[in-house]
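Comments concern the structure below.
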Amino acid sequence: MVSETSFLRRKIPLAISVFVALAIHAPLLIMQLPLRTSYDANFHIFFASHYAQHWFEPWNEKWFAGFSQTTYPPLVHQWIALVSRAIGLDEAFMLVMLLAVILIPVSAYGFARLWVDERAAGYAALLSVFAGTVSFLVYSAGQLPTVLSCTLFLLAVTYFYQWAHAAEWRALLKGLALSLAAASAHHVTLIFGSLIFALPVLWLAMRDRREEGASANAVLGRALVFGVLAAAGIAVVLLPYWISIIQHPIKQVPIPHASRSNLLMNTNIFINYLIVPYGAFLLALPFIVFKGAGHRRLRPLLLAFWFTFILGLGGTTPLPHWILGRAFEILTFERFTLWAVLLGLPIVGLWAEELIDRYSWKAAGGFAIAAVATISLAMGWLTWSPFRPTGGLDVSAVVEFLNRDGHDQYRYLTLGFGNALPKLSTYANAGSVDGEYNSARLLPEMTNYGAAQFTTAKFFGTAGMESLKMMLRHANHYGLKYIFVYDAYYEPLLVFTGWRQIETFNQGAITAWVKDDVPPAHKIISDARPAPWEGVLWGILPMASSVVAILFLILLPDRRLARIGNLLTIPAPEPVYAPEVQP
Amino acid sequence: MKASLALLLVMVTAALIALGWVQSGGVTSHEISAARTPEQAVEALMADVEAHNWNRAYARLADTGTVEKQDFIRDLSGSNGSLRTYSNLQSFTVWPLHATDEDATVRVRMTWSSAIGPMDDVRDLHLRHAGDVWTIDWPKPNFPKVPPQVIPVNYLRWDVIGRNAGDEWGVENVDTPNVRITSMNAIDRPEGLVLVGEVVNEDTVPAYVSVNATLLKPDQSTLDQESSFDMIAHTLLPRQVSPYRIDFPGMRIRQVKSVRMDVKSLLVPASADPVIAVANQKLGKDALGGNVLSGDLLNQSGQNVDIAQVVAAYYDANGKVIWVSNGYVDQALVPDFPVPFAVNIPKDIAPKVESYHLVVNHYSRKNG
Amino acid sequence: MAKMHSLVFVPALALSLVSSAQVPTLQVPARLIAGQAFTIPTHGQGEKTFYLLGPGSVVKRTVELGTEVKVTGAEIAAAGRYLALSCGSDGCSGTDFFVLPGDAVKISFLLHPSRVPVTAHNAINATAFVFDQFHNPVLRPVTVDFRVLPKNGPAFTKSVKTVQGVAWSEMSPAAKEGPVKVIATVGEQEEPRVIQQVASEACNLRIKARRTSKGVEVETDPVRDCHGNAVPDGTIVSVTAVDAQGRTTVDAPVKKGIARTQLPIHGSATISVASGVAIGNEIKL
Amino acid sequence: MTLIAADFGKLGRSTLMSVASMLALAILAPVLVAALRADSIPAVKLNADQIAPRAIEELTGRNVTRDYAYAWRDLAAASESARADLLNDYFTGFAKDKLVRRIADQQKTGVRIRYIDHGHNVRALFYAPDGGEMQLVDNAQLEIEIRDGSKIIYREKVNQQYLVLMTPGADRWFVRSLDQLADHP
């Protein structure tokens, strides 16, 4: 049992958690680890590079013979583009990623404070730094927009609570601005995450209001105001995005993704999408379920956690398919693990508080070991994983080839480059018929087959190779003259369809192939090209939403509230709960 | 309430996971793995081959003494850089041909996803009932054994020296090869309009050749454009003739006013080696009753050919090209060892075929 | 072509300066040749901005009035119409003038085709474009000599006058294969090109066959065209054998005038040969 | 929530302020509207009645007319924006070299040349027997405006003759030589 005055009974200041996040992640990001180990870092840098050169022109000729960047909310990419003017693209990505990572404990703390006391929230914040899913999303997935958007939404719902519960207009402004910024950062988080985070908080605000003896109807009314304003704001800020998805709803043949499979059918996938993202968090599952079920206050949080956890299991259960329908085939499910962890952490913080009070240093040590083991597993998995991204491939020789002697008058294709393709596209002037963003693909050679990219065609079996063959068949139409091969698997197809090897790069690891009769590329007319006014909106509103959010946070300081509801707490010396939350 | 909600969540989760397991085929795969019937035994073997689980696949064979494990693997996964080494088993279909209590014959059609597209391989497997399970008699594969020998490389190759970017205009003085389309025939097929014919290199240097066709509407605007793609020998040596076929899926001949043919030729480096003889060509039927042109490919040079492709033109009694088809060979061509091939011919075309002409394309990794 | 001489150039060059304040125009020499430096005198006092705009250059510099504006040869290297403008606070004044090409000293020579069958009549085409040292086309008629130097046979020369800077001629190849050198000359400038006269279709294609342990070895007689020229090495000869097993074909390349191949057949067979559209003899074994 | 606000404060308002300032600067950055390339194509009429020694095929005539028009569109856009890269599509050889030099001079001096194109009457004179070169005379009706910075220093309407040499590329005809003709050549 820990005494009242023990060091272990003190709350952990948020600054400590932020510092720990910095201490762990800053060196790794300075080393630019995600560029070598993650799947999507190059992709986001590629998007950012376009904004760096054409801020108000969302039509990008470098992929898919032209595609619209309004198919992906731009905020993160525009921030990278902006910062890149001072420090370069790769470094800018790392800096923005570091900002997002630092915001995780901040948002975890803010969200946990709605449910539990300061000390438990402090534990939740600190543990969030070590969460396997954070490292997984940062270093393995490279999903910066997911991470940033999630943290912004978490912050937004804390203000949403404050507005709904106490009618604090400053909170309304800040919550709205943060919601718009979060929506501008990531669309999937906007569509699915916002409800998952907001609904339990709405329930909480109504409950707290009732316990104070006031009517919950006012809370509902204010929530409605918030919802309407947020929806209107998001509709305007992301208008070009809505136009693009209404004009071109995703109708392509579903593309297989491991996160959509039954995790129990394959050991590596099981480790990749369950063990690594959750780590020791899995040990806390029984406590989360029983503690969450045991307290009325925590039940909505538990249900949101459970729902998100089940979604994160992908195709292991049929529930995601039932709920999402066709969207199930479009989404990837690793992001749900981050939401599940952030939703579960307040209860884990409570558990930590209880165990530390009861077992003192032993419990603290246990949590420390579990936390370090979790992040270590996630980092170690970068090496042990059989799924290896190729983002670290040196493509400088290919860039140099494409940028000389008029080679950029033609389009190109890579085979076997995997996620080094966006790196090549970032620096090469020529355009490719391939690309790494499934939702922006409109070329029938891609959408009529169940393969994601030409560069990874072989991993999609017959569908992939047929898709690639169809594109090679239409090489003349697209001005596709050059193919760069980093996997000899594709060479026979090229030889039999009339391509000829002309150069080798990287000591023979990459070969360049040419089809001599291909005419120079011409622009492919597409009705997906946004109107100029959309480009102007796209260049101003999302970025403005984040600026406004920052300004509101600075200029409208929070008022000190007497309390927020009836926080769940672990009073000393007996491990019992506050009377109002006794079962 | 506390216990009931927790219990409910646990039970619902367990039920969902169980349902997911059933839906993902977990139960079926468990049953198949038991190999209680001949079909299950072959399906289990194929599932192991698909997963590259060679140990378990080999363990399903009846008499492992007759087939070495390495030979078994080599038989299925290929060797010598053959097309099979660029392939993965994508799917399979199994159906019984004959069964008693003691033995059975099962036909399996393996569809391989390969570097040049899907390929089918049909095999009839004999099985034996041993205890509770059925095991498979895998036929001993017949791999080429080439005696050590020296085969002189005596054929020709051509190199092309490119002009420099800084050269004056007019200095370049090597024209593109002179190639000519000698025949073209438009055929309406159920899958669309098909153009077939032949092209000859009339020059004295090798030519890279690609035949493109544009279908024109009555107002001379473009209806569709396609190319010969892999239905042609792209590199033609002097006086060499190649069939070509251009497919226009979904098009009908009545939609087309005229066709603009465009043969592109370019001077490219080439080699006259290897020379591949096509022996014992004959029209016949395959195991599934389809019409095929079959024969043997014989590599007459000393260098292995990893992957060979046969492109065949079929003529009617008037000498007109009525169809062109191609087929890839999934075994490597080692020197002087015949490798069988078969090229499909549509059922309605086969009776009209009076004659045919084949060319062989090839790929070897060593030469890129 | 003769009508090209009657080209009438439209001289209307309507110069209308924006400036309302008209000042005396710049005085430029009447006749200028590309690459020749010249000066433009100026009058008055103060500074002005001088502009020279031509087909291949734009010059802008501040000039002291009363001094001469020096224009270098490089600044008028491109022939064509130039504008000289002088601008100050009171507006702009200026004039236009033509820079003509210099003497013909360069030639771009195109000789096609690079390989010509010996039977192709008038198939050789020689075209020459004549330029001055700055690649301005020389439009005055000049004589271009095409000297033809066959490997076997007498040399001869064809002289052609240019029309609008172009001279061209057609020639027929000799009956014998081999390279022929053609040199285009204008003034001191010579541009040589070489084309290959090559054999035509194979003629009287014949094969002979003998049995060996591996099957039947088939060999052609030396493959020649109807003029007796050997077809180039690498030419494909298709050998076809029909026996009880079916048909066997080999595309064999000619090497040192002869195509040779091994047919994996053992029983009686009929063997035929073809090269392109030329068909040879048939033998029965 | 109070704590959150306090902790934001600890994170450093000055940092946030500087980030916000940077953002504001970026938003006001002078990249509001990219210069759009004019897509209007000049009118070109081709007369090939006097061509020699080889007649021109109908399709070739159409292509030459189209590509010459595109070349003038690009020449106008390149001269107005001083962007040599716009010449890559339809110019080659001496014509491109000269124009690239002139545009480099334009970039140095700040002079911009604007062509308002009123059409081209083109006569084809020479078409090589092998189809490798075509010579044309173009009677172009142009308005030319010359600016130094924002100031218009010269404007004229002119009928100008050009001697044009075009050569075929992979999918188009390129302008290889484009020379103004004087009345006394």
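The values are calculated or read from the model by the stated rules, or taken from the named source; none is laboratory data. What you see is a predicted model, and the numbers here were worked out from it, not measured in a lab. Here the Cβ positions follow ideal geometry from the backbone for every residue, glycine too, while neighbour counts run over all protein chains shown.
Select from the range A:262-278 the residues that are in a helix (DSSP H, G or I), of a type in the set (S, T, N, Q) and either within 10 Å of chain B (Cβ to nearest Cβ) or surrounded by fewer than 19 Cβ atoms within 10 Å (Cβ to Cβ) (or both) and list them in ascending order.
Filtering the range A:262-278 down to residues in a helix (DSSP H, G or I) leaves A:263-265, A:267-278.
Retained after the next criterion (residues that are of a type in the set (S, T, N, Q)): A:267-268, A:272.
Matches in the range A:262-278: A:T267, A:N268.
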Single unsatisfied condition, C:L65 versus (1) modelled with pLDDT of 90 or more; (2) surrounded by 13 or more Cβ atoms within 10 Å (Cβ to Cβ)
(1)
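Answer yes if at least one residue in the range B:213-227 is in a strand (DSSP E or B), of a type in the set (G, A, S) and away from chain C (no Cβ under 11 Å), and no otherwise.
Here is the first cut: in the range B:213-227, the residues in a strand (DSSP E or B) are B:213-216, B:222-227.
Next, from what is left, pick out any that are of a type in the set (G, A, S): B:213, B:227.
Within this subset, residues satisfying the condition of being away from chain C (no Cβ under 11 Å) are B:213, B:227.
Looking through the range B:213-227, at least one residue is in a strand (DSSP E or B), of a type in the set (G, A, S) and away from chain C (no Cβ under 11 Å).
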So in the range B:95-130, with the set limited to residues that are among the β-branched types (V, I, T) and under 30 Å from A:P492 (Cα atoms), which one is surrounded by the fewest Cβ atoms within 10 Å (Cβ to Cβ)?
B:V122
Number of positions in the range D:100-136 that are assigned to a helix (DSSP H, G or I) and touching a Pro at 6+ places or on another chain (Cβ under 8 Å)
1
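Is it the case, given these coordinates, that C:A184 is within 11 Å of chain B (Cβ to nearest Cβ) and either surrounded by 23 or more Cβ atoms within 10 Å (Cβ to Cβ) or assigned to a strand (DSSP E or B) (or both)?
yes
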All helices (runs of 4 or more DSSP H) inside the range A:31-111 with 1 or more residues being surrounded by fewer than 24 Cβ atoms within 10 Å (Cβ to Cβ) and touching a Lys or Arg at 6+ places or on another chain (Cβ under 9 Å)
A:33-37, A:41-53
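I'm trying to understand the selection: among the residues of the range B:122-152, which are of a type in the set (A, V, I, L, M, F, W, C) and either under 30 Å from B:Q40 (Cα atoms) or in the same structural domain as B:L288 (by TED's automatic domain parsing) (or both)? I'd like the intermediate steps shown before the answer.
Taking the range B:122-152 as the starting set, the residues that turn out to be of a type in the set (A, V, I, L, M, F, W, C) are B:122, B:125, B:127, B:130, B:133-134, B:136, B:138, B:143, B:146, B:150-151.
Within the range B:122-152, B:V122, B:L125, B:L127, B:A130, B:V133, B:W134, B:I136, B:W138, B:F143 meet the criteria.
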Within the range B:335-347, restricting attention to residues that are over 17 Å from the mean Cα position of the chain (by Cα) and in a loop (DSSP other than H, G, I, E, B), which residue is nearest to B:S183 (Cα to Cα)?
B:K347
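Quick check on this structure: which one of A:S244, A:S259 is surrounded by fewer than 23 Cβ atoms within 10 Å (Cβ to Cβ) and either modelled with pLDDT under 95 or assigned to a helix (DSSP H, G or I) (or both)?
Within the list A:S244, A:S259, the selection yields A:S259.
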Given the conditions (1) in a loop (DSSP other than H, G, I, E, B); (2) more than 21 Å from D:L99 (Cβ to Cβ), and given that C:G35 satisfies all but one, which numbered condition is not satisfied?
(2)
Against the definition (touching a residue at least 12 places away in the same chain (Cβ under 8 Å) and either farther than 23 Å from D:R54 by Cα or within 14 Å of chain A (Cβ to nearest Cβ) (or both)), how does D:D171 come out, yes or no?
no
If you take the residues in the range D:67-94 that are touching a Lys or Arg at 6+ places or on another chain (Cβ under 6 Å) and closer than 23 Å to C:S108 by Cβ, which one is nearest to the other protein chains (Cβ to nearest Cβ)?
D:G93
Mind checking which residues of the range B:179-233 are charged (D, E, K, R), farther than 21 Å from A:H477 by Cα and under 27 Å from the mean Cα position of the chain (by Cα)?
B:D188, B:R189, B:E191, B:E198
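Would you be able to say whether some residue in the range C:108-116 is of a type in the set (V, I, T), part of a loop (DSSP other than H, G, I, E, B) and either away from every other protein chain (no Cβ under 12 Å) or buried (at least 17 other Cβ atoms within 10 Å of the Cβ) (or both)?
From the range C:108-116, those of a type in the set (V, I, T) are C:116; that's our starting set.
If we keep only those that are part of a loop (DSSP other than H, G, I, E, B) too, we end up with none.
Within the range C:108-116, not a single residue is of a type in the set (V, I, T), part of a loop (DSSP other than H, G, I, E, B) and either away from every other protein chain (no Cβ under 12 Å) or buried (at least 17 other Cβ atoms within 10 Å of the Cβ) (or both).
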What are the pairs with Cβ atoms under 6 angstrom where one residue, in the range C:124-147, is in contact (Cβ under 8 Å) with a residue 60 or more places away in the chain and the other, located anywhere, is outside any strand (DSSP E or B) and buried (at least 24 other Cβ atoms within 10 Å of the Cβ)? Sequence gap at least six, or different chains.
C:D132/C:P101; C:D132/C:V138; C:N136/C:A79; C:N136/C:P101
Unique match (being touching a residue at least 40 places away in the same chain (Cβ under 8 Å), within 12 Å of chain B (Cβ to nearest Cβ) and either outside any helix (DSSP H, G or I) or within 22 Å of A:A141 (Cβ to Cβ) (or both)) among A:F281, A:F328, A:F307, A:F287
A:F307
Checking B:S265, B:S221, B:S258 in turn, the sole residue that is touching an Asp or Glu at 6+ places or on another chain (Cβ under 9 Å) and outside the structural domain of B:A313 (by TED's automatic domain parsing) turns out to be B:S265
Qualifying positions in the range A:178-202 - hydrophobic (A, V, I, L, M, F, W, C) and over 15 Å from the mean Cα position of the chain (by Cα):
A:L178, A:L180, A:L195, A:I196, A:F197, A:A198, A:L199, A:V201, A:L202
Okay, strands (runs of 3 or more DSSP E) sitting entirely in the range B:50-163 with 1 or more residues that are more than 11 Å from every other protein chain (Cβ to nearest Cβ), within 30 Å of B:G289 (Cα to Cα) and polar (S, T, N, Q), I get B:88-99, B:103-114, B:133-137
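Among the listed residues A:I375, A:I347, which satisfies the condition of being under 18 Å from A:A108 (Cβ atoms), among the β-branched types (V, I, T), assigned to a helix (DSSP H, G or I) and within 14 Å of another protein chain (Cβ to nearest Cβ)? It would help to see each step written out before you state the result.
Numbers: A:I375 fails: within 14 Å of another protein chain (Cβ to nearest Cβ).
The conditions single out A:I347.
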Any residue at all in the range D:138-156 that's in contact with a Leu (Cβ under 9 Å, 6 or more places away or on another chain) and within 14 Å of chain A (Cβ to nearest Cβ)?
no
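If I ask for residues that are part of a helix (DSSP H, G or I) and basic (K, R), which ones from the range C:72-86 would you list?
Kept after step one, since they are part of a helix (DSSP H, G or I), are these residues of the range C:72-86: C:73-76.
Passing the criteria: none in range.
Quick check on my filter: what residues within the range A:461-504 are more than 7 Å from chain B (Cβ to nearest Cβ), surrounded by fewer than 19 Cβ atoms within 10 Å (Cβ to Cβ) and in a strand (DSSP E or B)?
At the first step, the residues of the range A:461-504 found to be more than 7 Å from chain B (Cβ to nearest Cβ) are A:463-464, A:467-468, A:470-472, A:474-475, A:478-487, A:494, A:499, A:502-504.
Subsequent filtering for residues that are surrounded by fewer than 19 Cβ atoms within 10 Å (Cβ to Cβ) retains A:470, A:474, A:502-504.
Across the range A:461-504, the qualifying residues are A:I502, A:E503, A:T504.
With the condition kept exactly as written, say whether any residue in the range C:220-236 is in contact with a strand residue (DSSP E or B) (Cβ under 9 Å, 6 or more places away or on another chain), under 26 Å from C:F146 (Cβ atoms) and aliphatic (A, V, I, L, M). Working first, answer last.
Of the range C:220-236, the ones in contact with a strand residue (DSSP E or B) (Cβ under 9 Å, 6 or more places away or on another chain) are C:220-236.
Filter once more, so that each one left must be under 26 Å from C:F146 (Cβ atoms): C:227, C:229.
The next check asks that each one be aliphatic (A, V, I, L, M); those that pass are none.
So far as the range C:220-236 goes, no, none of its residues is in contact with a strand residue (DSSP E or B) (Cβ under 9 Å, 6 or more places away or on another chain), under 26 Å from C:F146 (Cβ atoms) and aliphatic (A, V, I, L, M).
Any idea which of C:I271, C:I279 is more than 11 Å from chain B (Cβ to nearest Cβ) and surrounded by fewer than 21 Cβ atoms within 10 Å (Cβ to Cβ)? Before you say what the answer is, go through the steps one by one.
Details: C:I271 fails: surrounded by fewer than 21 Cβ atoms within 10 Å (Cβ to Cβ).
Being more than 11 Å from chain B (Cβ to nearest Cβ) and surrounded by fewer than 21 Cβ atoms within 10 Å (Cβ to Cβ) holds for just one of C:I271, C:I279, which is C:I279.
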Checked C:V130, C:V166 against criteria (within 16 Å of C:E188 (Cα to Cα), touching a strand residue (DSSP E or B) at 6+ places or on another chain (Cβ under 6 Å) and not hydroxyl-bearing (S, T, Y)); the one match is C:V130
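Within the range C:245-256, is even one residue of a type outside the set (A, V, I, L, M, F, W, C) and more than 9 Å from chain B (Cβ to nearest Cβ)? Please lay out each step first, then the result.
Let us first name the residues in the range C:245-256 that are of a type outside the set (A, V, I, L, M, F, W, C), namely C:245-249, C:251, C:253, C:255-256.
Next cut, more than 9 Å from chain B (Cβ to nearest Cβ) only: C:256.
The answer is yes; a qualifying residue exists.
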